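Presented below is the structure to which this report refers.
The values are calculated or read from the model by the stated rules, or taken from the named source; none is laboratory data. Since we're looking at a predicted model, the values are computed, not measured. Backbone-built Cβ (ideal geometry, glycine too); neighbour counts: all protein chains shown.
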Amino acid sequence: MPANPLIALAAAHAVPPAAARDSQTLFRHGTMEVRWWTPPMPDDQVPHRRDELYAVVQGTGWFVRAGDRIACGPGDLLFVAAGVEHRFEDCTPDFGTWVLFWGPQGGETA
């Protein structure tokens, strides 16, 4: 168990901007990895090898997953299975999201 269970948003904001653009890892436990990310525009990320969950904290934008385009903003959760193409589009300059990766390479099975 981690010594401190709190990952403060202030800690995420303290990450230097250049590092945060590449998603800075702030916490690990087992296969779970928690990162803070401010996507560059245009977002040119490629599909990841593990399942992931985005928890939008600030700003607004559009999330594109497997061809579907969805408006997103604070409080929204966005799931992406391993290997699925996705990206953010037209995000406001203040956009920021927690990113959680977990499970095995190739993702979990239902």
I need the full set of residues from region 40-64 which are under 15 Å from VAL99 (Cα atoms) and assigned to a strand (DSSP E or B), in order please.
ASP51, GLU52, LEU53, TYR54, ALA55, VAL56, VAL57, GLN58, PHE63
Does region 1-39 hold any residues that are modelled with pLDDT under 85 and in a helix (DSSP H, G or I), and which are they?
ALA11, ALA12, HIS13, ALA14, PRO17, ALA18, ALA19, ALA20, ARG21
Testing CYS91 on (1) modelled with pLDDT of 95 or more; (2) assigned to a loop (DSSP other than H, G, I, E, B); (3) under 24 Å from THR31 (Cβ atoms), one condition comes back false. Which one is that?
(3)
Condition check for CYS91: surrounded by 15 or more Cβ atoms within 10 Å (Cβ to Cβ), closer than 25 Å to ALA10 by Cα, without any contact (Cβ under 8 Å) to a residue 24 or more places away in the chain and not charged (D, E, K, R)
no
Looking only at residues in region 61-88 that are within 17 Å of LEU9 (Cα to Cα) and more than 11 Å from the chain's Cα centre (by Cα), which one is surrounded by the fewest Cβ atoms within 10 Å (Cβ to Cβ)?
GLY75
If THR97 satisfies every condition in (1) over 24 Å from ILE7 (Cα atoms); (2) touching a Pro at 6+ places or on another chain (Cβ under 9 Å); (3) among the hydroxyl-bearing types (Ser, Thr, Tyr) but one, which is the exception?
(1)
